[in-house]
Amino acid sequence: MRVEIIHASKYGNGKMVAEEIQRLMTSKGHQASVHDHGEARPRELPPADLYIFGTPARIGKPLGSMRRFIKKVDLPEGTRYALFATHGAPQPNKKTGELPSPEEQERWYTSIPVLTEILSSKGLVKVADIRVFVKDLKGPLEDDWQAKVGSFVEQILRER
Ligand SMILES: Cc1cc2nc3c(=O)[nH]c(=O)nc-3n(C[C@H](O)[C@H](O)[C@H](O)COP(=O)(O)O)c2cc1C
């Protein structure tokens, strides 16, 4: 299978996720390329069996430049894709020590639903998605990120 991974990453955490996906795909005999979204043309993406798009979150949304990129993606209906989103880990309230409720957390974690809506409206077919957390705004990634990314890749390969 040929896989194109296109991501945005300001502080390098999403880039690490993209490169880990590439490493795992390659180790299983697939061809995988990684591109920063600034170096890719959304209307002229290289041919692939699967596209994986990744974005960091910004104030409850996917990064604006990645959202605009995804809006311009021009691929045939039925093309398979997967998404990963990097997010700040939920922080306990400084006074109460309590974590935000699941509903409150969802408000800051909309990258995957927003990008899914755009791509699915173009007739593309999602096979998997994953949220990976950073411990602080600039990183590092959460402790078990590699295991999470491993499960994500396994899920994609099962869906083939
Ligand atoms: C201005 C700003 C706003 C952010 N807003 C959110 C947010 O709403 N939700 C969230 O989960 N993470 C938020 N983050 C944390 C980012 O998700 C985090 O920096 C990013 O995932 C790290 O990935 P990168 O190293 O690939 O850039 C924000 C970060 C910055 C700098």
### Query
Which residues, counting only those in the stretch 114-150, are part of a loop (DSSP other than H, G, I, E, B) and either closer than 25 Å to Gly12 by Cβ or touching a Lys or Arg at 6+ places or on another chain (Cβ under 7 Å) (or both)?
Lys135, Asp136, Leu137, Lys138, Gly139, Pro140, Glu142, Asp143, Asp144
### Task
Could you look through the stretch 48-71, keep only residues that are modelled with pLDDT of 95 or more and in a loop (DSSP other than H, G, I, E, B), and pick out the one that is surrounded by the most Cβ atoms within 10 Å (Cβ to Cβ)?
Leu63
### Which listed residue, of Leu157, Leu137, is within 17 Å of the chain's Cα centre (by Cα) and more than 30 Å from Gly29 (Cβ to Cβ)
Leu137
## Note on the structure
Picked from the stretch 1-56 (must be of a type in the set (Ser, Thr, Tyr) and within 13 Å of the ligand (Cβ to nearest atom)), the residue farthest from Glu154 (Cα to Cα) is Tyr11
### Query
So which residues in the stretch 116-125 are in contact (Cβ under 8 Å) with a residue 24 or more places away in the chain and either more than 13 Å from Leu75 (Cα to Cα) or open to solvent by less than 30 Å² (accessible area, probe 1.4 Å) (or both), if there are any at all?
Thr116, Ile118, Leu119, Gly123, Leu124
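The values are calculated or read from the model by the stated rules, or taken from the named source; none is laboratory data. None of these values were measured; they are calculated from a predicted model. Backbone-built Cβ (ideal geometry, glycine too); neighbour counts: all protein chains shown. For accessibility, only protein heavy atoms count, side chains too; no ligands or nucleic acids. Shrake-Rupley method; radii C 1.70, N 1.55, O 1.52, S 1.80 Å.
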